[in-house]
Amino acid sequence: MFKITEKLQQIAIKLLESGEVDLVLGYTQGNEPCQSIPYIATSPEEAKNLIFDSFSQKALSKYMIQDAFKNKKVALVVKGCDHRGIKLMLGENRVQRDQIYLIGVECSGMIRKEQLRKEIGQELHQLHLEFQNDYIEVMDGEKKREIEYEGVLSPFCLSCSHATPSEEEVDILLTGGMIPSILKDKNRTHEDNFKDINEIEKMTEDEKFDYWKRHLNRCKRCYSCRNACPVCTCRVCMFDRENPDYIDAAKDQLAQHQFYHIIRAFHVVDRCVGCGECSRVCPEGIPLHLLNQKLHRDLDKYYGSYVAGIDELPTPLSHANANEPDFFGKEAK
Amino acid sequence: MAPVIKTTDFAYLISACKMLESQYRTFCPTMEDGVENYWPLDQMKEEQMWMIKDIAFRNKPPLGSIKSFVFPDSEIYIKFARRGNKVEVEELETMTPQIILGVKSCDLKSIELIDKVFLSEPVDTLYQEKREKTLMIATICTEMGQSCNCKEFGICPLTPAADILMTKDEETGKEIYLKSNTEKGEKLLEQLLTMKGFVVSDIFPVDEEKSKKPVLSSDKIKNRMDEFFESNLWETLGMLCMGCGTCTYYCPTCHCYDIRDFNRMDQGVRYRTWDSCMFSNFTNMAGGHNPRDTKKDRIRNRFFHKLKLFSCFHTS
């Protein structure tokens, strides 16, 4: 059991027993191995099911803007990225701080289950995983193997410099997790971790178009990327509006998929907290994070560095300064 | 007795399907960008073809359900255009027959269920055409997969309701046996016999157990659903649900659709496209009323439709 799990259960039991909160929103073990799923504990008994580990990926902050959580005092388990999401919501008056009890957790990076399965080369059932400082020890009965973190950690976590919420901004911070040494190495740059986007930038225009055509043609517009995104917080999404109807509902129209994904990327990029949920939840495996990565890179280049949820609001694209680059003006000349 | 043929190598079957391209378009499960799905054989790269056998014979269906071959995600009813002051309606192209290779017993059960919706009066002719022109080749699962529930629901993995049943020799893993199950299937087997690598077989090496009695009967479930209508379960699920359409789009028995028009200038189409009862605007009414306003209502409705209402409406 992860050390944090123990502390988390203790604090959750205390909060629920004292009636300080109505519910604790965290994670519990899913039906499959290496799967942690969102969980609502409403009693001290249920609090014993809470866990926190390297598979607690889901961005729980998103739930805070849902109607069902309004008018309830909620204790929320937040990793660094989730906490940044909450701070954006607070800044935009989408949630009230006094309704949320923030349980900050020291994040040990999220492991991509699919990637882990690929590296191990077999299904994860019946395997025992032991998380060490430099590697994951995989035990299949007597057989032991070591898996490097670099290949299986989410690229977002590898380059994350705000993995753990700051102690002053949460109600309680739980530490003592086993942090892989690769995450302690702060010398890794953005460029080191996002090799995929470097590859795409090297492509010709036609190759890039073909790449995105291939991926976006699989989109079914189930909107899971939007619904899982902790910074997609509009009260009514433009793609749900029926009058005017901005998007055609046909699922076989590449142009509509492009329209949806590009508009969404532009809408969220300056507020993206890099949790990686968009790519993770996509059933078709569309690498949506690459759109954000590219735009993020461009934002850094043209508007200066800005870290959503850490730096002061407003975000770079929600206001305009006279000295900012004018791309459209240039084009006109 | 139903004819059985065999071949010594799965590759013969693939090349035979390629030879039949002018008559059938073949779809097989393979991997594209890390995602397993059915993919047209004529668009596959060499290495993708090598993956077909493993995925098709595995006891786990690929990501997408086969419903999209008979009920595509988007489908045009009519095309229309304005010429002067007249409206011209264009005939739709008829589809090429298709072979879906590597489907499972559970997939076919789901098609049986959707048939009840689209093929009962008034018959949905778009669906009917696709159903008639689709030939399913099912692989036999000899072992249940990690998250399989076929036994509970009384679906026999050894006797799929396909046009052709396919199995491989358990010992060598090389010989592939094909057994026809319908007239359509028999015709295809006859064609295959004239092609390289196929011979008649005396046996079909599947020990067809009598299909077991389902552990869960739909009648029992139907009758007990009412007990759960006021359960707290829906409240909790509604809170945790993200409200996207993934579960419905990948569910092999979800079949709701929306009808829309798309027009530009003087021409347009009327089409239907998958819709999801998990979306908030699914039941939006004129005037702004929404009878299923919360996620709790929508989730409850989805399970009630599947487990109770469906079998009330479609008894036969």
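The values are calculated or read from the model by the stated rules, or taken from the named source; none is laboratory data. As the structure is a prediction and not an experimental result, all values here were calculated from the model. Virtual Cβ from ideal backbone geometry, glycine too; neighbours counted across all protein chains shown. Accessible surface areas use protein heavy atoms only, side chains included; no ligands, DNA or RNA. Shrake-Rupley method; radii C 1.70, N 1.55, O 1.52, S 1.80 Å.
Quick rundown of the values:
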quantity: Any hit, region B:261-271, residues being more than 9 Å from chain A (Cβ to nearest Cβ) and under 16 Å from B:F118 (Cα atoms); calculated: no
quantity: Qualifying residue in region B:40-50 (condition: in a strand (DSSP E or B), within 27 Å of B:D9 (Cβ to Cβ) and open to solvent by 10 Å² or more (accessible area, probe 1.4 Å)); calculated: yes
quantity: Enumerated helices (runs of 4 or more DSSP H) restricted to region A:276-333, each holding at least 2 residues that are under 30 Å from B:V35 (Cα atoms) and out of contact with any helix residue (DSSP H, G or I) (no Cβ under 6 Å at 6 or more places or on another chain); calculated: A:289-303
quantity: All positions within region A:202-228 that are open to solvent by 80 Å² or more (accessible area, probe 1.4 Å) and either outside any helix (DSSP H, G or I) or in contact with a Phe, Trp or Tyr (Cβ under 9 Å, 6 or more places away or on another chain) (or both); calculated: A:N217
quantity: Residues satisfying the stated conditions in region B:61-102, i.e. on the phi > 0 side of the Ramachandran plot and out of contact with any strand residue (DSSP E or B) (no Cβ under 6 Å at 6 or more places or on another chain); calculated: B:G84
quantity: Selection status of B:I155, touching a strand residue (DSSP E or B) at 6+ places or on another chain (Cβ under 8 Å), closer than 21 Å to B:S68 by Cβ and buried (at least 19 other Cβ atoms within 10 Å of the Cβ); calculated: no
quantity: Tally of residues being open to solvent by 50 Å² or more (accessible area, probe 1.4 Å), touching a helix residue (DSSP H, G or I) at 6+ places or on another chain (Cβ under 9 Å) and not in a strand (DSSP E or B) across region B:192-213; calculated: 1
quantity: In region A:273-292, residue most open to solvent (accessible area, probe 1.4 Å) [restricted to those that are out of contact with any Pro (no Cβ under 9 Å at 6 or more places or on another chain) and either more than 14 Å from every other protein chain (Cβ to nearest Cβ) or charged (D, E, K, R) (or both)]; calculated: A:R280
quantity: Any hit, region B:90-99, residues being open to solvent by less than 20 Å² (accessible area, probe 1.4 Å) and at pLDDT 95 or above; calculated: yes
quantity: Residue ID - farthest from the other protein chains (Cβ to nearest Cβ), chosen from residues in region B:1-29 that are touching a Pro at 6+ places or on another chain (Cβ under 8 Å) and buried (at least 16 other Cβ atoms within 10 Å of the Cβ); calculated: B:Y24
quantity: Failed item in (1) touching a Leu at 6+ places or on another chain (Cβ under 8 Å); (2) surrounded by fewer than 16 Cβ atoms within 10 Å (Cβ to Cβ), with B:D163 passing the rest; calculated: (2)
quantity: Residue match in region A:6-29 (condition: in contact (Cβ under 8 Å) with a residue 40 or more places away in the chain, among the basic types (K, R) and within 21 Å of B:L237 (Cβ to Cβ)); calculated: no
quantity: Complete set of residues in region A:197-218 that are more than 10 Å from every other protein chain (Cβ to nearest Cβ) and either among the basic types (K, R) or closer than 25 Å to A:K62 by Cβ (or both); calculated: A:I197, A:K202, A:K208, A:K213, A:L216
quantity: Boolean, B:L240 is open to solvent by 80 Å² or more (accessible area, probe 1.4 Å) and either within 27 Å of the chain's Cα centre (by Cα) or at pLDDT 85 or above (or both); calculated: no
quantity: In region A:52-86, the residues that are buried (at least 22 other Cβ atoms within 10 Å of the Cβ) and β-branched (V, I, T); calculated: A:V77, A:V78, A:I86
quantity: Filter result for A:K184 (surrounded by fewer than 16 Cβ atoms within 10 Å (Cβ to Cβ) and among the basic types (K, R)); calculated: yes
quantity: Cβ-Cβ under 9 Å pairs, at least 6 apart or on other chains, region B:233-254 side more than 7 Å from chain A (Cβ to nearest Cβ), far side hydroxyl-bearing (S, T, Y) and assigned to a loop (DSSP other than H, G, I, E, B); calculated: B:C247/B:S276; B:T248/B:S276; B:C251/B:S65; B:P252/B:S65; B:T253/B:S65; B:C254/B:S65; B:C254/B:S276
quantity: Enumerated strands (runs of 3 or more DSSP E) restricted to region A:18-123, each holding at least 3 residues that are within 13 Å of chain B (Cβ to nearest Cβ) and among the hydrophobic types (A, V, I, L, M, F, W, C); calculated: A:23-29, A:36-41
quantity: Search result, residues across region A:229-269 that are polar (S, T, N, Q), assigned to a helix (DSSP H, G or I) and within 12 Å of chain B (Cβ to nearest Cβ); calculated: A:Q256
quantity: Residue within region B:259-281 that is hydrophobic (A, V, I, L, M, F, W, C), open to solvent by 60 Å² or more (accessible area, probe 1.4 Å) and in contact (Cβ under 8 Å) with a residue 40 or more places away in the chain present; calculated: yes
